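So the structure is just underneath, and the comments pick up after that.
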Amino acid sequence: VQLQASGGGLVQAGGSLRLSCAVKGTIFGINNMAWYRQAPGKQRELVARITFGGNTNYADSVKSRFTISRDNNKNTMYLQMNTLKPEDTAVYYCFVGGTRPQYQWGQGTQVTVSS
């Protein structure tokens, strides 16, 4: 099983990016999918999560700017990021929680927001 994250890049403050995370292989019993990020010198933090039932939750710092979604037919999760700020600069990781395997991390994609 692999999670292939893509869509990162360099953008000016106020701009937008859309991250994708494609699930390659089979994860049984997926119960949640999420995006995390890790900035230099900081701990990895949860950005957004979507449950199997479609419920979502977001870090306070990204509420109203970021939107998490998924396309079950394409086995892909997305993170639409609008009104980006320099403090959003980080490596973004996708995560899938299930029953087998219990969890899987993607390789990370760099997002850099210039001021």
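Name every residue in segment 2-19 that is within 17 Å of Q38 (Cα to Cα) and assigned to a loop (DSSP other than H, G, I, E, B), in order of residue number. Listed by number, the residues that qualify are G7, G8. Exactly one residue among I30, I68 is part of a loop (DSSP other than H, G, I, E, B) and touching a strand residue (DSSP E or B) at 6+ places or on another chain (Cβ under 8 Å), and that residue is I30.
Do we have F52 as open to solvent by 70 Å² or more (accessible area, probe 1.4 Å) and out of contact with any Pro (no Cβ under 9 Å at 6 or more places or on another chain) here? So F52 fits the description; yes.
A39 - would you say it is touching a Leu at 6+ places or on another chain (Cβ under 8 Å), in contact (Cβ under 8 Å) with a residue 12 or more places away in the chain and open to solvent by less than 80 Å² (accessible area, probe 1.4 Å)? Considered against the rule, which asks whether it is touching a Leu at 6+ places or on another chain (Cβ under 8 Å), in contact (Cβ under 8 Å) with a residue 12 or more places away in the chain and open to solvent by less than 80 Å² (accessible area, probe 1.4 Å), A39 comes out as no.
T67 meets the conditions (1) open to solvent by 40 Å² or more (accessible area, probe 1.4 Å); (2) over 13 Å from L17 (Cβ atoms); (3) without any contact (Cβ under 8 Å) to a residue 24 or more places away in the chain in every case but one. The failed one is (2). Please enumerate the residues belonging to segment 77-115 that are within 12 Å of I30 (Cα to Cα), not aromatic (F, W, Y) and not in a loop (DSSP other than H, G, I, E, B). Selection gives V96, G97, R100, Q104.
The values are calculated or read from the model by the stated rules, or taken from the named source; none is laboratory data. Just so it is clear, the structure is predicted and the values come from calculations on it, not from any experiment. Backbone-built Cβ (ideal geometry, glycine too); neighbour counts: all protein chains shown. Quick note on the areas: whole protein, heavy atoms, side chains included, nothing else; ligands and nucleic acids left out. Shrake-Rupley method; radii C 1.70, N 1.55, O 1.52, S 1.80 Å.
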